[in-house]
Amino acid sequence: MLKTIFYPAHINANAKIVEFSGWQMPISYGSQIKEHEAVRTNAGMFDVSHMAITDIHGTDAKVFLQYLISNDVAKLEKSGVGKALYSGMLNHDGGVIDDLIVYYTDFGYRLVTNAGTYVKDMAWIKEQSSKFNIELKERKDLAILAVQGPNAINIVSKIKPHLDGKLVSLKPFSSLEDNGTFYARTGYTGEDGLEIMIPVADALTLWQQLYQSGVVPCGLGARDTLRLEAGMNLYGHDMDETISPSLCNMDWVVDLKDESRDFIGKDAYIKFNALGVKSHQVGLVMEGRGVLREGQKVVSNNQEVGVITSGTFSPTLKISIAIARIEQQVTGYASVNVRGNLEPVRIVKVPFVRNGKQVF
Amino acid sequence: MYNDNFKFVDTHEWVSSLNGDVVTVGITHHAQELLGDLVYIELPTVGQSIGFNDVVGVVESVKAASDLYSPVSGTVTELNEAVVNDPTLANTAPHTDGWLFRVKLDNVSQLDGLMTAEQYKVAIGA
């Protein structure tokens, strides 16, 4: 079983450790609701070092990425060094192999992909890269710490005074590098914050400094409720290789503007949409009591019209919320089969929560 | 932690010592620890006749839903409305204020077949 560099810090902070994609990771450090609230009101930190960082160098780096992923990295060049782009990586059938963030840096492109998809991602990327003049460099020498919450950036700035306000003025979805440490104003919580990629040798010191500054260690449990409130997909649940981007609210990361650009899955994606997409992704809110869960069926007029792909209790809203894939004609209200009982739910647009506030 | 006067079942419910022929039922400290922050508890209804190992409700945390099994056979006499309104009571005081429901036993001798505190501790590796 793999352990990240932060493992001893998790144990010191009384983490409950679970197996996640071959890694021993903290699920929570006591109360996942308190961790969730810390991120919504102050600052929390997440060890996400199990995610994969791959740097892409070489003269073909740009054209390779334009072919590999559904969003167009040409946009990054226009916005300038530091900019980040969220994208899908599709297979030839137009299903989602993974979702990822690509950063445009002065040393090339940096890809951050999921832990659960690591083996297949790497095999796929290597296979696709054979015709391109590029070099892939996995960065296992870097740990990743996500520091998230309304006070996150201010706290990191105080710990890193030599950055002299550069973090505070960093634009959302942008990054900067400082002596081998990479600061990105990105995240998976719906709050402001940073994802910090730091040399393994310096990682525990940063953790300690943040801990002493009142940043609350948060586990995978809180990470899941935060991202669900933020309406963000979780790979393997809200989408996978059998799901078109059109069915999981990822059309916005499939960029067809440059008609001359060919990318993997483009033809299948266009064909699928030409047939007329019948389902789409929505949010569900249960105003009654109980908790919506992945796999529960959505029902309208006694017909099954969809399925919940992620469900939980929302610590911010104090009610249950879910992400579901349902037939498009169903709007307003529907029901969910919760252990044999049909419970009414309201159909809303995600996200549910942004910057600490209800937004649906 | 595990009261010597209580009895336990391997589905992680406890049964308090007898008051006449009525017992109190709850989930164990170990169960609440496994589940994490509790957010929803559904209990049987007063007057409901329940059997040993019947699914009589559900205990849900943020991360998981877990069936609630009856550790005894009898008739439900009382529910803990406080824990329904604030499920975290079953996290903070699972063996006291976080009790779930009370049952008038069909027969008292059934308690003899349940685990003692010592046996339960062995079962959960405590």
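The values are calculated or read from the model by the stated rules, or taken from the named source; none is laboratory data. Source: prediction; values computed, not measured. Glycine also receives a Cβ, built like all others from the backbone with ideal geometry; neighbour counts cover every protein chain displayed. Areas reflect the complete protein model, heavy atoms only, side chains present, ligands, DNA and RNA absent. Shrake-Rupley method; radii C 1.70, N 1.55, O 1.52, S 1.80 Å.
Miscellaneous remarks
- Beta bridges assigned by DSSP with both partners in the protein assembly as shown are antiparallel in approximately 95 percent of cases.
- For the pair A and B, the buried accessible area comes to roughly 1200 Å² in total, with a 1.4 Å probe and the value rounded to the nearest 100.
- Region A:226-260 residues near the modelled A:GLU127 label - backbone nitrogen below 20 Å, point 7 Å along Cα→Cβ: A:236, A:240-245
- Modelled FRET efficiency - R0 30 Å, A:GLU327 with B:ASP67, Cβ distances, 0.05 increments: 0.45
- Accessible surface of region B:13-117, 1.4 Å probe, proportion on carbon and sulfur as whole %: 49
- Cα gyration tensor of region B:46-101 - equivalent ellipsoid semi-axes, whole Å, descending: 20, 14, 9
- Calculated [θ] (222 nm, deg cm²/dmol) that DSSP helices of n ≥ 4 give over chain A, each run adding -39,500 (n - 2.57): -6500 deg cm²/dmol
- Debye intensity ratio in log₁₀ form over the Cα atoms of chain A, taken at each q of 0.09 Å⁻¹: -0.51
- In terms of accessible area, using a 1.4 Å probe and ignoring ligands and nucleic acids, A:LYS78, A:LYS137 rank largest first as A:LYS78, A:LYS137.
- Basic side chains Lys and Arg get +1 at the Cβ, acidic Asp and Glu get -1 at the Cβ, and with that the dipole of region A:278-360 about its Cα centre reaches some 240 debye.
- Between the listed residues A:PRO344, A:ASN42, B:VAL83, the Cα displaced farthest toward the positive end of the dipole of the protein assembly as shown, a dipole computed from Cβ unit charges relative to the Cα centre, is found at A:ASN42.
- Heavy-atom surface analysis with a 1.4 Å probe gives region A:204-360 a carbon and sulfur content of 50 percent of its accessible area.
- Largest-first ellipsoid semi-axes for chain B, taking √(5λ) over the Cα gyration tensor eigenvalues, angstrom: 20, 18, 12
- Calculated on C-alpha atoms, the gyration radius of region A:109-179 divided by its Kirkwood radius gives an Rg/Rh of 1.08.
- Cβ charges +1 (Lys, Arg) and -1 (Asp, Glu), total dipole of chain A, debye: 820
- Percent antiparallel among DSSP beta bridges (both partners in region A:136-244, rounded to 5): 95
- The mean accessible area for residues of region A:163-288, using a 1.4 Å probe and ignoring ligands and nucleic acids, is 42 Å² per residue.
- At 0.890 mPa s and 25 °C, Stokes diffusion of region A:265-322 via Kirkwood alpha-carbon radius, µm² per second: 183
- Net charge in the neighbourhood of B:GLY36 (other residues with Cβ under 13 Å of its Cβ; Lys, Arg +1, Asp, Glu -1) is -2.
- Residue among A:THR189, A:THR331, A:THR316 with the largest mean-square fluctuation in a Gaussian network model of chain A, springs linking Cα atoms under 10 Å: A:THR331
- Computed magnitude of the charge dipole of region B:13-117 (debye, nearest 20; Cβ of K, R +1, Cβ of D, E -1): 100
- Accessible surface, per residue, of region A:1-155 when the full set of protein chains is kept, probe 1.4 Å, Å²: 38
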